[in-house]
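One structure below.
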Amino acid sequence: VLETVREFALEQLEHDPGADTVRDRHRDWYLELAERAAPRLAGEQADRWLSALAAEHANLEAAIGRSVQSGDAARALAFGAALWRYWIVHGHLLEGRRWLDRILALRVPESLAAAQADVLTGAATLAHNLGYLDEARRLCLAALESRRTLGDSAGAARTLADLGWITFLACDFAEARRISHESLELATTVGDRRGMAQALSNIGWTFFFEGDAERAREACQSCLAIRRELADRRGVAIMMWLLGWIAGRSGDHVRAFEMFEDALPAFRAVGDGRLYAYTLATLAEVSLRAGDVRRAHSVLESEALPLFRRTDDRWGLGYVLFLLSWVSRERGDLKRAESFAHESREIRRAIHDRYGVAESTAALAEVART
């Protein structure tokens, strides 16, 4: 009924001589909403503001479209800078990427360089989440150059952290650590606690994937303390998830499950289906390590796999398919195990996930050896 009313109202608006004024007021109201929400998307009020944006998704889309179609770079950039975190958290990766591409294609005067750098950062983040690492690096370097030119040290520190994460995803762990330490030093110098947490998170992930669990835990605990101080519920949940993964791979399965049980409700509360799915996937991995194949299979098939397919998250999809190969092998279904491992490897190759390709290749070798 509401959609029918909306369509009728839009049809009537087309014949109203004051239609442009109405559309401009609509655009400006939703820009104000987006800008009010943006600084609150990582704090204690994140749940409320993410829900508010989700409820107005269609209106926000219409308002952005109005700005882009009219070539209004100032408002379009403001929308892009304000909304990219929302698009990531709620899994609108492809939609967000399309909007940011259109916004960045507009002619932008030098006076809007800071806003453009914010949008470049968002575009880089969406790109690497979709598996386009080369594009993400290019966008990130453009944002970093702009922030340095503007003398924005805090922004440069956070952009360095973004670059460190992209480098981590490319499996250049030593370089990722170097960049992340540079980010940490700069963020510490300017007193940017959120930037410090971002860099420490990168360092923790890097040590974890290099196999140094103790140093990974130290970095994660430091990051966790800052994110608790900032009341960053989602950030706290990310660290709980990683600490659970570290515990699981270190053999402390009970501790791992406790961490996951703390992280899952937080991701659900902020509507972050992707990180909720990643936590479920790692819970399945630890279940496999603990010998609970039935639980792992249930979690992967019924929840994690559908979530990753819906959001087009190829990083997560490749990981879940690798785990399903492991499950199938444990259940004696070698044909499915081989199929899952092969599909996983192909997806991971497509996004240049070197660590993942090695993992999936090892899974194929296990099938052949069994």
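Please enumerate the residues belonging to segment 75-94 that are open to solvent by less than 10 Å² (accessible area, probe 1.4 Å) and over 15 Å from the mean Cα position of the chain (by Cα).
76, 77, 79, 80, 82
Tally the residues that are in contact with a Phe, Trp or Tyr (Cβ under 6 Å, 6 or more places away or on another chain), part of a helix (DSSP H, G or I) and surrounded by fewer than 18 Cβ atoms within 10 Å (Cβ to Cβ), restricting the search to segment 189-248.
Here the count works out to 1.
Taking the conditions exactly as written (open to solvent by 30 Å² or more (accessible area, probe 1.4 Å) and either under 23 Å from residue 209 (Cβ atoms) or not in a helix (DSSP H, G or I) (or both)), does residue 295 satisfy them or not?
Here the answer is no, as residue 295 does not meet what is asked.
Tally the residues that are of a type in the set (Asp, Glu), over 14 Å from residue 84 (Cα atoms) and under 22 Å from the mean Cα position of the chain (by Cα), restricting the search to segment 24-74.
Of the residues in that region, 3 qualify.
I need a count of the residues in segment 268-292 that are farther than 24 Å from residue 89 by Cβ, of a type in the set (A, V, I, L, M) and crowded, with 22+ Cβ neighbours inside 10 Å.
The number of residues fulfilling the criteria is 1.
I'd like to know if segment 347-361 contains one or more residues that are closer than 30 Å to residue 135 by Cα, free of Cβ contacts under 8 Å to residues at least 40 places away in the same chain and touching a Gly at 6+ places or on another chain (Cβ under 8 Å).
Yes, that holds for at least one residue.
Matching residues to (1) acidic (Asp, Glu); (2) within 18 Å of the chain's Cα centre (by Cα):
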{"position": "97", "(1), (2)": "no, yes"}
{"position": "108", "(1), (2)": "no, no"}
{"position": "114", "(1), (2)": "no, no"}
{"position": "125", "(1), (2)": "no, yes"}
{"position": "132", "(1), (2)": "no, yes"}
{"position": "135", "(1), (2)": "yes, yes"}
{"position": "151", "(1), (2)": "no, no"}
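Please work out which one of (1) open to solvent by less than 20 Å² (accessible area, probe 1.4 Å); (2) closer than 29 Å to residue 64 by Cβ; (3) assigned to a helix (DSSP H, G or I) is the condition residue 131 fails and give its number.
Result: residue 131 fails condition (3) only.
Could you tell me whether residue 181 is open to solvent by 60 Å² or more (accessible area, probe 1.4 Å) and not polar (S, T, N, Q)?
Taking the combined requirement at face value, the residue satisfies it.
Grab the helices (runs of 4 or more DSSP H) fully contained in segment 1-113, keeping just those with 2 or more residues being modelled with pLDDT under 85 and in contact with a helix residue (DSSP H, G or I) (Cβ under 9 Å, 6 or more places away or on another chain).
Passing ranges, in order: 2-13, 19-37.
What's the total number of residues in segment 157-173 that are without any contact (Cβ under 8 Å) to a residue 12 or more places away in the chain and either open to solvent by less than 60 Å² (accessible area, probe 1.4 Å) or in contact with a Pro (Cβ under 7 Å, 6 or more places away or on another chain) (or both)?
Count: 0.
Restricting to segment 301-325, give me the number of residues that are part of a helix (DSSP H, G or I), within 16 Å of residue 93 (Cα to Cα) and open to solvent by less than 10 Å² (accessible area, probe 1.4 Å).
Counting residues in segment 301-325 that are part of a helix (DSSP H, G or I), within 16 Å of residue 93 (Cα to Cα) and open to solvent by less than 10 Å² (accessible area, probe 1.4 Å) gives 2.
Do we have residue 258 as under 23 Å from residue 361 (Cα atoms), surrounded by fewer than 24 Cβ atoms within 10 Å (Cβ to Cβ), among the acidic types (Asp, Glu) and modelled with pLDDT of 95 or more here?
It is false that residue 258 is under 23 Å from residue 361 (Cα atoms), surrounded by fewer than 24 Cβ atoms within 10 Å (Cβ to Cβ), among the acidic types (Asp, Glu) and modelled with pLDDT of 95 or more.
Within segment 268-282, identify whether any single residue is more than 26 Å from residue 54 (Cβ to Cβ) and in contact with a helix residue (DSSP H, G or I) (Cβ under 7 Å, 6 or more places away or on another chain), and answer yes or no.
No.
For residues that are among the basic types (Lys, Arg) and free of Cβ contacts under 8 Å to residues at least 24 places away in the same chain, scanning just segment 326-344, find the one that is surrounded by the most Cβ atoms within 10 Å (Cβ to Cβ).
336
Pull out all pairs, ordered by first then second residue, where Cβ-Cβ is under 8 Å, the residues are six or more apart or on different chains, the first lies in segment 46-58 and is touching a residue at least 40 places away in the same chain (Cβ under 8 Å), and the second is open to solvent by less than 50 Å² (accessible area, probe 1.4 Å) and of a type in the set (A, V, I, L, M, F, W, C).
These pairs meet every condition: 46/270; 47/269; 47/270; 50/37; 50/41; 50/89; 50/270.
Consider segment 345-370. How many of its residues are open to solvent by 30 Å² or more (accessible area, probe 1.4 Å) and not in a helix (DSSP H, G or I)?
So the count comes out to 2.
Of the residues in segment 134-156, how many are surrounded by fewer than 19 Cβ atoms within 10 Å (Cβ to Cβ) and over 16 Å from residue 182 (Cα atoms)?
The total comes to 7.
The values are calculated or read from the model by the stated rules, or taken from the named source; none is laboratory data. The shown structure was predicted, so the numbers you read here are calculated from the model rather than taken from an experiment. Counting neighbours? That spans all protein chains shown, and the Cβs are built from the backbone with ideal geometry, glycine included. Accessible surface areas use protein heavy atoms only, side chains included; no ligands, DNA or RNA. Shrake-Rupley method; radii C 1.70, N 1.55, O 1.52, S 1.80 Å.
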